[in-house]
Amino acid sequence: IFVLTYPNVVDPSSPTSSSKQQRLPMTGTTDQIGSDLEQIKKMGVEHIIFGYIFSPIGKNMDNMIEVTEQFTRFCR
């Protein structure tokens, strides 16, 4: 099973990253999105494709690689 997702990573110091606020899946800090990835994995998804084209991260290849590497620790 494959999933295509568009993660929206926010700065942990941003007011929108507060755990008290309701957030959309795949939106938030790296750890919050990591938690979403763990849940997706529990559903039986074997491969996740990240689409950064609509995200500010998509404008910087080094940033995309760094964030993706951070996400992989949640997917193993």
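The values are calculated or read from the model by the stated rules, or taken from the named source; none is laboratory data. None of the values given here were measured: they were computed from a predicted structure. All Cβ positions, glycine included, derive from the backbone under ideal geometry; neighbour counts span all protein chains shown. Keep in mind that these areas ignore ligands, DNA and RNA; they rest on the heavy atoms of the full protein, side chains included. Shrake-Rupley method; radii C 1.70, N 1.55, O 1.52, S 1.80 Å.
Quick one: count up the residues across region 19-63 that are part of a helix (DSSP H, G or I) and open to solvent by 90 Å² or more (accessible area, probe 1.4 Å).
Going through region 19-63, the residues part of a helix (DSSP H, G or I) turn out to be 30-42, 56-59, 61-63.
Still in the list and also open to solvent by 90 Å² or more (accessible area, probe 1.4 Å): 31, 39, 42, 56, 59, 61-62.
Result for region 19-63: 7.
Could you look through region 1-18, keep only residues that are more than 21 Å from Asn63 (Cα to Cα) and open to solvent by less than 100 Å² (accessible area, probe 1.4 Å), and pick out the one that is modelled with the highest pLDDT?
From region 1-18, those more than 21 Å from Asn63 (Cα to Cα) are 1-3, 15, 18; that's our starting set.
When the remaining residues are screened for being open to solvent by less than 100 Å² (accessible area, probe 1.4 Å), the result is 3, 18.
Details: Val3: 91, Ser18: 56.
Applying the filter and picking the extreme gives Val3.
Out of all the residues in region 54-66, which are of a type in the set (A, V, I, L, M, F, W, C) and under 10 Å from Pro7 (Cα atoms)?
Within region 54-66, the first condition is being of a type in the set (A, V, I, L, M, F, W, C), and the residues that meet it are 54, 57, 61, 64-65.
Residues satisfying the conditions are Phe54, Ile57.
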Condition met for Ile48 (touching a Cys at 6+ places or on another chain (Cβ under 9 Å), hydrophobic (A, V, I, L, M, F, W, C) and modelled with pLDDT of 95 or more): no
Close pairs (6 angstrom Cβ cut-off, 6 or more residues apart or separate chains): touching a residue at least 12 places away in the same chain (Cβ under 8 Å) in region 42-70, of a type in the set (Asp, Glu) and open to solvent by less than 40 Å² (accessible area, probe 1.4 Å) anywhere: none
